[in-house]
Amino acid sequence: MVKKIYLRTFGCQMNEYDSDKMTDVLYAAEGYVMTDKPEDADLILFNTCSVREKAQEKVFHDLGRVRHLKDANPGLLIGVGGCVASQEGEAIIRRAPFVDVVFGPQTLHRLPQLLAARRSSGKPQVDISFPEIEKFDHLPAPRNTGPSAFVSIMEGCSKYCSFCVVPYTRGEEVSRPLADVLTEIAGLAATGIREVTLLGQNVNAYRDEASGTTQVCDFALLLEYVADIPGIGRIRYTTSHPREFTPRLIEVHARIEKLAEHVHLPVQSGSDRVLAAMKRGYTSLEYKSIVRRLREARPGISVTTDIIVGFPGETAADFEATLRLMDDVGFDASYSFLYSPRPGTPAAALTDDTPHPEKLERLYRLQEKQDSMELVHSQRLIGTIQTVLVEAPSAKDPRELAGRTSSNRTVNFPGDPASIGTFEKVRIQEVRKHTLRGEPAATGTPA
Ligand code: SAH
Ligand code: F3S
């Protein structure tokens, strides 16, 4: 009988990526396939996130809900991976003794061995170590879905922003060797992948010192190499950090046409006082200067960001500075979060005297502002012709296709499914809630 996995993923794109790798590893090792019904599963995995909210509690709640399935299926195994696993380790087993394996973001490739050890020893297995970058040497080739793929180029984070758990849960920054990254992308291109998203908590911290050339390979140079790979028509990356957004990196946006017209550059706050308390390592002026130079290099580039509202000690004036920064920059989109104290981070020890309702009020004002700015940005696109990578039939209307513009906007338009996997010109005609609608530019109504 084919064994089935039920897998739930929480959190960021790195976790989505890691979840894909877990299923690849388990398919290659034991032929596991996916199921969306926990009651049909032989293995239930939670890939957890601890970056915000009461994530720990949520995991135990979710675990509690699947526990009874072991009564009906004694062979069922339950595993916890991701950042909560990394932070809690053995404590997960102590609190939920029915859990069979606990593994971290850097040990997911060992899942088959952990499961085997669990079966043979009868004891729960915990492995949340950080064995550098070995996991990539143990991952099978990805199974191809659609024309776009994620490629991890570095793992972890060494920035230690005062509010963030990532450096503790995913470890310090480690880059994959250049040759490995390029080989993987060339392989993907050969299977029909047209767009790659280079993935990392801080992609622009990428460094390969032993790249075989006389030069240290930094992120800007990596982009040049990736752009030379035949078949790859578009390159994205996420997430970059303002601190290592070098002049060289800005400059490649002018030269490499394949680079998408979009950067996600988290700013977190517009107040220099708050930025310093967050240990972000830049001022709002420095941030604005990066965006200005980036737009000079690549006119029309879309800039999106992350903002934290209600950091400990954030005053009304600090918050106003954030709103001003939003006006100054004109973000195409922003993801805003209420500050959430994370156990073990320096900011969790700071006094926080802003009342919760006031924080909510700030978040609401910020999101209102962003929504109206976004509408203006979208409406500017009406009548323009965009190059869309056609990805799949539209989820809402199977007679239409869905794809993304260079600036990462989803567009629906009528077309031939045979064009999936190709770049098409689409004239934008309508702005919908989170998407755009258009017509193929060649046959569409003339401007
Ligand atoms: N380098 C990563 C950061 C991961 S965390 C990236 O940019 O994707 C993603 C976002 O979550 C951060 O940019 C920040 O805005 C938010 N975040 C992180 N820790 C937080 C906390 N303790 N409270 C609220 N938001 C937080
Ligand atoms: Fe977190 Fe700051 Fe790194 S937000 S992921 S510590 S850059």
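Computed from the coordinates by the stated procedures, all read-outs in this text should not be read as laboratory data. Bear in mind that the values here come from a model prediction, so they are computed numbers and not experimental data. Here the Cβ is made from the backbone with ideal geometry for all residues, glycine too, and neighbour counts use every protein chain on show.
Write down, largest first, the equivalent ellipsoid semi-axes of the stretch 301-447 in whole Å, where each equals the square root of 5 times an eigenvalue of the alpha-carbon gyration tensor.
Ellipsoid semi-axes (Å, largest first): 40, 16, 12.
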Task: Cα Rg, Dmax, the stretch 172-230, angstrom units - done: 11.5, 33
TODO: Find the eigenvalues of the gyration tensor of the Cα atoms of the chain, then list the square roots of 5 times those eigenvalues as equivalent ellipsoid semi-axes, largest first, in whole angstrom.
DONE: 35, 29, 23
Task: For the chain, cysteines whose Cβ has no other cysteine Cβ within reach (under 4.7 Å) - done: Cys12, Cys49, Cys83, Cys157, Cys217
TODO: Grab the other residues whose beta carbon is less than 11 angstrom from that of Glu251, score K and R as +1, D and E as -1, and report the net.
DONE: +2
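I'd like the antiparallel share, as a percent to the nearest 5, of DSSP beta bridges with both residues in the chain.
Taking every DSSP beta bridge within the chain, about 35 percent pair in antiparallel fashion.
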Open item on the list: Please report the net charge: other residues with Cβ closer than 14 Å to the Cβ of Val226, K and R +1, D and E -1.
Closed with: -2
Open item on the list: 5 Å is the cut-off here: which amide hydrogens, built 1.01 Å from N in the peptide plane, fall below it relative to Leu77, excluding neighbours closer than 5 in sequence?
Closed with: Leu43, Ile44
Open item on the list: Can I get the semi-axes of the stretch 1-103's equivalent ellipsoid? Compute them from the C-alpha gyration tensor as square roots of 5 times the eigenvalues, in angstrom, largest first.
Closed with: 21, 17, 11
Open item on the list: Quick check on my link table: of Lys4/Lys70; Lys54/Lys433; Lys37/Lys70; Lys4/Lys54; Lys54/Lys288, which ones sit more than 23 Å apart, alpha carbon to alpha carbon?
Closed with: Lys54/Lys433; Lys4/Lys54; Lys54/Lys288
Task: Alpha carbon centroid spacing (whole Å) that separates the stretch 46-81 from the stretch 364-390 - done: 38
TODO: Return, ordered by residue number, the residues of the stretch 410-431 whose backbone nitrogen is under 14 Å from a label point located 7 Å along Cα→Cβ of His377.
DONE: 410
Open item on the list: I'd like to know how the stretch 148-306 sits against the 2.2 N^0.38 Å rule of thumb: what's its Cα Rg over that expected value?
Closed with: 1.04
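When Lys and Arg each count +1 and Asp and Glu each count -1, what net charge do the other residues less than 10 Å away from Asp42, Cβ to Cβ, add up to?
Value of the local net charge: 0.
So, R0 is 41 Å and r is the distance between the beta-carbons of Ala91 and Glu134; what FRET efficiency does that work out to, to 0.05?
My answer for the efficiency is 0.95.
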Task: the stretch 355-401, Cα convex hull volume normalised per residue, Å³ - done: 132
